[in-house]
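Okay, structure first, notes after.
Read-outs: derived from the displayed coordinates by stated rules, not from any lab. This one's a predicted model, so the numbers in the text were calculated from it and none came from an experiment. Positions of Cβ are generated from backbone atoms using ideal geometry, with glycine treated the same way; all protein chains shown enter the neighbour counts.
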């Protein structure tokens, strides 16, 4: 008996509220499914059945009463400190009530597990983690995306219907794209951030939901935002399309699927497509990387770098040491670029409602060699993905990744970005896109799920 | 000589100047990161930003104040 496991997040909540689904049965079935499917995926790195049962027993009759969710290893729980996917963090970590935990608890949701993530949040692929890599349910030899690798793999494999991730440089949108999910990077400051080890210093990181579709993201993000993200009508949507490498240096099938999706969205909303120019994009991408990397260095000393945990990956150790070499003038100029990009975007959003481009330029790369082949040549997935993902983090605007196609049997995704505070519009636009394509892509399931149990 | 050609000398010397130790694998990672990021950093350094007023303590949840 599936006990509601394959219902959407909102369907689970509604069925429980109506008395048609027993939340205790749902919790136990969810824990059993994690035990059954997770060994092949490594999406969930910790479960705590007794804590989850206690959480359910104490849950208020609130919007997500009884709904199981997982949370990224970036957030502390009262009974478990975050590990940030790493053998060692550069900041103190201890158990506690993080903002997302409180929001979930107060909404009646049940945290059933901690989800894997890319080590130190420093990668778009999810192939490096102290727990070992999470695997993409669409093809377990492929990257699930990062850094919210486990949240995405958990939802794609239907371990749970919703997951909480975090996005500092695309870290919700990349895994949403690779795993065929919808993932919203909220406007900076709008979603719960308390308890994050960088909450006081980061100007790029936000919490956010990864779910199968936009309506589920709306439900879960409403909880994280602490306010109802009301649905609206995106009729007459003005869609901006950026030229250049972010739209053109893209795998042909990804480009075609995204161009088709933009046209479908235009038709569905009775809107229009306008070409826009964002000459600062390349500089903004670098600025984001420099700022995000340097904001984490407050507690770093050379002595500390000389005694890094040997279990930290060589890649992680090397990148931490490299960050010290970034010249101060570059980070100062990066802040100026941020100002410039924000001013340019403010002007652009007077003329368009959303900016559309592929979320990632190619489908999920192999775990063993996370590189992608683009018209310009072969690039690391990180170098390719950051081109489209960074701008929203640098400037604070919201962005959403929506599945819009398939290539090589793997999901393809479109990113939509909107002006500050227009998170609701992005959800409206994502739902319009779902209507336009008959929900074909949000309802697609990884083929391996047909042959359960998955073999490790 | 191209700036990137200084990498082999620059990386170990710069780390040593900070008193940071690195094994061969870490050095290879640092070199790779440097080779990837240094060309765009040089482009950034060439950018004259003197006429861009710094948005002091920007509220990233909002559009910048109109000027």
**Fill in**
Note on the stretch B:1-42: residues within 16 Å of residue A:283 (Cα to Cα) and buried (at least 17 other Cβ atoms within 10 Å of the Cβ) are B:37, B:38, B:40, B:41
**Request:** Scan the stretch A:72-95 for residues that are on the phi < 0 side of the Ramachandran plot and in contact (Cβ under 8 Å) with a residue 60 or more places away in the chain and report the count.
**Result:** 14
**Item:** Selected residue (only one of A:191, A:171 is within 14 Å of chain B (Cβ to nearest Cβ), buried (at least 24 other Cβ atoms within 10 Å of the Cβ) and within 15 Å of the chain's Cα centre (by Cα))
**Value:** A:191
**Request:** Considering each of B:54, B:45, B:60 in turn, give the residue that is loosely packed, with under 15 Cβ neighbours inside 10 Å, at the interface with chain A (Cβ under 7 Å from one of its Cβ atoms), in contact with a helix residue (DSSP H, G or I) (Cβ under 8 Å, 6 or more places away or on another chain) and not in a helix (DSSP H, G or I).
**Result:** B:54
**Message:** So, residue A:183, is that one in contact with a helix residue (DSSP H, G or I) (Cβ under 6 Å, 6 or more places away or on another chain) and not in a loop (DSSP other than H, G, I, E, B) or not?
**Reply:** yes
**Request:** Would you check which residues across the stretch B:6-27 are in contact with a helix residue (DSSP H, G or I) (Cβ under 7 Å, 6 or more places away or on another chain) and either at the interface with chain A (Cβ under 8 Å from one of its Cβ atoms) or not in a helix (DSSP H, G or I) (or both) and list them?
**Result:** B:11, B:15, B:18, B:19, B:20, B:22, B:25, B:26, B:27
**Asked** Got a sec? Which of A:53, A:105 is in a helix (DSSP H, G or I) and within 30 Å of residue A:202 (Cα to Cα)?
**Response** A:105
**Message:** Checking the conditions here, which among A:177, A:157, A:122, A:166 is within 14 Å of another protein chain (Cβ to nearest Cβ), buried (at least 24 other Cβ atoms within 10 Å of the Cβ) and either farther than 15 Å from residue A:41 by Cα or in contact (Cβ under 8 Å) with a residue 24 or more places away in the chain (or both)?
**Reply:** A:122
